[in-house]
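Q: Supplied in structure tokens, the structure appears directly below.
The values are calculated or read from the model by the stated rules, or taken from the named source; none is laboratory data. The model shown is predicted, which means the values in this text are computed figures rather than measured ones. A quick note on method: Cβ atoms are made from the backbone with ideal geometry, for glycine too, and the neighbour counts reach across all protein chains shown.
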Protein chains: 2
Amino acid sequence: MQTAARIEEALEQAVALARGPGAPPLLASALHYAVFPAGHRIRPQLCLAVANACGDPDRIASDATAVAIELLHCASLVHDDLPCFDDAGLRRGKASVHVEYGEALAVLAGDALIVHAFATLGGAARRNPAQMAALIGIVAQSVGSPHGIVAGQAWECEVAVPLSDYQRAKTGALFVAATMGGAAAAGHDPEPWRALGEKLGEAYQVADDLRDVLCDAEELGKPIGQDAIRLRPNAAAELGVDGAKARLEGLVKAAVASVPDCPGALELRQLIEAQTRLFFPKQLARAAA
Amino acid sequence: MQTAARIEEALEQAVALARGPGAPPLLASALHYAVFPAGHRIRPQLCLAVANACGDPDRIASDATAVAIELLHCASLVHDDLPCFDDAGLRRGKASVHVEYGEALAVLAGDALIVHAFATLGGAARRNPAQMAALIGIVAQSVGSPHGIVAGQAWECEVAVPLSDYQRAKTGALFVAATMGGAAAAGHDPEPWRALGEKLGEAYQVADDLRDVLCDAEELGKPIGQDAIRLRPNAAAELGVDGAKARLEGLVKAAVASVPDCPGALELRQLIEAQTRLFFPKQLARAAA
């Protein structure tokens, strides 16, 4: 099965459990709405690519890890879009969850997705519990406090923000979970895979900053120019568009160079080169093609 | 160590990890504020009482379970108090988290507490991962969708609410996690402990409904008469005060009778008799004393 189809099937199965018999109908509907249709699924793609490069001997473990990471990413989008944060009405080209279902269900859908991410890991743990304990640690660290995406979002509530802490937590953490989690799910030592996640997370952030400046809202599927409006740090504003492009290219090179030795290292490096173009703004991707 | 002190110490240690070096200061502050000072800690008390009755051979497992359940309870209070739900300004006799820290940090503190509950279970899993996989399942089920407290809260967003589903999910689920989790943490089969959690959860709900009708706001530490204002089901309104009192007494008796055979069954039954008086409204507790 193609990786993209494998991810969608695993996500459908996981979300179906949370929408099981007896679920409140609106919550069940909101849960599906928050996860489908697919975004780029960059994080679970990365997780499975790393697992695959490491031999991927246990697809139940790698699927559960990829699913948990994507559910947590979707939860963070639902909560970040709330009126008390970004107050974003548009997400992935459709109304954001709180616009479609109301704030209460958006809060609850996010909560339920967080819980269900860990339930998914716990469910897969029945086969190889020792490995899953490590995976729960990796995933929880990437999403909680002090260094996960929740902490990253909380930095926006502070007056003084250490920029690197903010970006590492808000964007980088789930990329690190994807690379370390993919390796751990395949039975490899996760620590050597941290750098790859960090570099790709930072590359993604720079690309996102460039998109916020360069793209139109239709391409982006959400409003543009938000960083300037919200006085948020933006690499393109800080380094200039050319400087940010150079930084992006450098990060992708560093990411490729950081891939540890493993059975599928060569293919993984090629895949990263190709896949990172996906999250470049279109006009950059064309120029780089 | 007394159980109450043991719970506070375990909670302090767990929350300290989430507030560790590098945490955004306001989030770190809000996390402590949301968990301390202690409420009655009824759920972790129940969890440890059951673990104790089962011999409690592994205090790391039972502490982690009690902590996870209380962190999830605190998270649910923080999110339930938000303006889009109960819009409650007062909780445990002080300003609720969103009043003190703003809505954004209240959403994030709740999220971080949910993640940290599972991180706590995952951390303890390193000693006995097989057992912890079961515990993660029990705890996740009690808090997620379709049957946990998040689903219970989501029933309030529906037009037609099956009353038993609503109350079982909203209040009962974490009591079931406490009894089943306490047993599983002590290496016992959790399933026979489900009924005890269900009966005590329902008893607590009836007591809470009575308090909402009978108490003053000072005793309750939060506004009274909220069920009538919000048109929420209330046993005292439905059965009358005397009917609700009789129902409460019956549920406590049924709970005591449901305690499975175990080394400390006798003491546990006595403890339940005594402890349930704690969550009776004061004037009932006096009458029953």
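Q: Out of the residues in the stretch A:26-40 meeting the condition of being more than 14 Å from chain B (Cβ to nearest Cβ) and within 15 Å of the chain's Cα centre (by Cα), tell me which one is surrounded by the most Cβ atoms within 10 Å (Cβ to Cβ).
A: Within the stretch A:26-40, the first condition is being more than 14 Å from chain B (Cβ to nearest Cβ), and the residues that meet it are A:36-40.
Narrowing further to those that are within 15 Å of the chain's Cα centre (by Cα): A:36, A:38-40.
Numbers: A:F36: 14, A:A38: 13, A:G39: 16, A:H40: 13.
Filtering first and then ranking leaves A:G39.
Q: Looking at A:A151, A:A119, A:A140, can you tell me which residue is in contact (Cβ under 8 Å) with a residue 60 or more places away in the chain, under 20 Å from B:L71 (Cβ atoms), buried (at least 23 other Cβ atoms within 10 Å of the Cβ) and within 9 Å of chain B (Cβ to nearest Cβ)?
A: Working: A:A151 fails: in contact (Cβ under 8 Å) with a residue 60 or more places away in the chain; A:A140 fails: in contact (Cβ under 8 Å) with a residue 60 or more places away in the chain.
When all the criteria are applied, what remains is A:A119.
Q: Might you check whether a residue that is among the charged types (D, E, K, R) and either at pLDDT below 80 or more than 26 Å from A:P190 (Cβ to Cβ) (or both) occurs anywhere in the stretch A:263-284? Can you show your working first?
A: Looking only at the stretch A:263-284, we keep the residues that are among the charged types (D, E, K, R), and these are A:267, A:269, A:273, A:277, A:282.
Checking which are either at pLDDT below 80 or more than 26 Å from A:P190 (Cβ to Cβ) (or both) leaves us with A:277, A:282.
Yes: one or more hits.
Q: Name the residue, out of A:A66, A:A28, A:A23, A:A5, that is closer than 30 Å to A:D261 by Cβ, small (G, A, S) and either in a loop (DSSP other than H, G, I, E, B) or free of Cβ contacts under 8 Å to residues at least 12 places away in the same chain (or both).
A: Result of the check over A:A66, A:A28, A:A23, A:A5: A:A5.
Q: Taking the stretch B:122-131, which residues are within 20 Å of A:S142 (Cα to Cα) and within 8 Å of chain A (Cβ to nearest Cβ)?
A: If the condition is that a residue be within 20 Å of A:S142 (Cα to Cα) and within 8 Å of chain A (Cβ to nearest Cβ), then B:G122, B:G123, B:A125, B:R126 are the ones that fit.
Q: Just to check your reading of the model, which residue among B:G89, B:G102 is more than 17 Å from A:A140 (Cβ to Cβ) and either of a type in the set (F, W, Y) or within 8 Å of chain A (Cβ to nearest Cβ) (or both)?
A: On the way: B:G89 fails: either of a type in the set (F, W, Y) or within 8 Å of chain A (Cβ to nearest Cβ) (or both).
It is B:G102.
Q: Also: Could you please let me know if A:A88 is under 20 Å from A:V150 (Cβ atoms), small (G, A, S) and assigned to a loop (DSSP other than H, G, I, E, B)?
A: yes
Q: Could you tell me which residue of the stretch A:75-100 is nearest to A:F36 (Cα to Cα), considering only residues that are touching a Phe, Trp or Tyr at 6+ places or on another chain (Cβ under 9 Å) and surrounded by 23 or more Cβ atoms within 10 Å (Cβ to Cβ)?
A: A:V97
Q: Can you spot a residue in the stretch A:166-175 that is hydrophobic (A, V, I, L, M, F, W, C), touching a residue at least 40 places away in the same chain (Cβ under 8 Å), out of contact with any Pro (no Cβ under 7 Å at 6 or more places or on another chain) and closer than 28 Å to A:A16 by Cβ?
A: Within the stretch A:166-175, the subset hydrophobic (A, V, I, L, M, F, W, C) is A:169, A:173-175.
From what's left, touching a residue at least 40 places away in the same chain (Cβ under 8 Å): A:174-175.
From what's left, out of contact with any Pro (no Cβ under 7 Å at 6 or more places or on another chain): A:174-175.
Narrowing the set further to residues that are closer than 28 Å to A:A16 by Cβ leaves A:174-175.
Within the stretch A:166-175, one or more residues are hydrophobic (A, V, I, L, M, F, W, C), touching a residue at least 40 places away in the same chain (Cβ under 8 Å), out of contact with any Pro (no Cβ under 7 Å at 6 or more places or on another chain) and closer than 28 Å to A:A16 by Cβ.
Q: Given the criteria surrounded by 22 or more Cβ atoms within 10 Å (Cβ to Cβ) and within 28 Å of B:P83 (Cα to Cα), does A:A169 qualify?
A: It is true that A:A169 is surrounded by 22 or more Cβ atoms within 10 Å (Cβ to Cβ) and within 28 Å of B:P83 (Cα to Cα).
Q: Can you tell me which residue within the stretch A:106-116, out of those that are facing chain B (nearest Cβ under 7 Å) and of a type in the set (A, V, I, L, M, F, W, C), is nearest to the chain's Cα centre (by Cα)?
A: A:I114
Q: Among (1) in a helix (DSSP H, G or I); (2) in contact with a Lys or Arg (Cβ under 9 Å, 6 or more places away or on another chain); (3) within 11 Å of chain A (Cβ to nearest Cβ); (4) not small (G, A, S), where does B:H73 come up short?
A: Single failed check for B:H73: (3).
Q: Now for a different question. Could you go through the stretch A:56-69 and let me know if any residue there is out of contact with any strand residue (DSSP E or B) (no Cβ under 6 Å at 6 or more places or on another chain) and within 11 Å of chain B (Cβ to nearest Cβ).
A: Within the stretch A:56-69, one or more residues are out of contact with any strand residue (DSSP E or B) (no Cβ under 6 Å at 6 or more places or on another chain) and within 11 Å of chain B (Cβ to nearest Cβ).
Q: Return yes or no: is B:A104 at negative phi and either touching a Phe, Trp or Tyr at 6+ places or on another chain (Cβ under 6 Å) or not in a helix (DSSP H, G or I) (or both)?
A: Here the answer is yes, as B:A104 does meet what is asked.
Q: Among the residues of the stretch A:76-93, what is the count of those that are among the basic types (K, R) and modelled with pLDDT of 95 or more?
A: Adding up the residues that qualify gives 0.
Q: Residue check, B:A61 against (1) more than 26 Å from A:G152 (Cβ to Cβ); (2) assigned to a helix (DSSP H, G or I); (3) free of Cβ contacts under 8 Å to residues at least 12 places away in the same chain, all met but one. Which one?
A: The number of the failed condition is (3).
Q: For residues that are facing chain A (nearest Cβ under 7 Å) and at pLDDT 85 or above, scanning just the stretch B:154-168, find the one that is farthest from the chain's Cα centre (by Cα).
A: Once the filter is applied, the top-ranked residue is B:E158.
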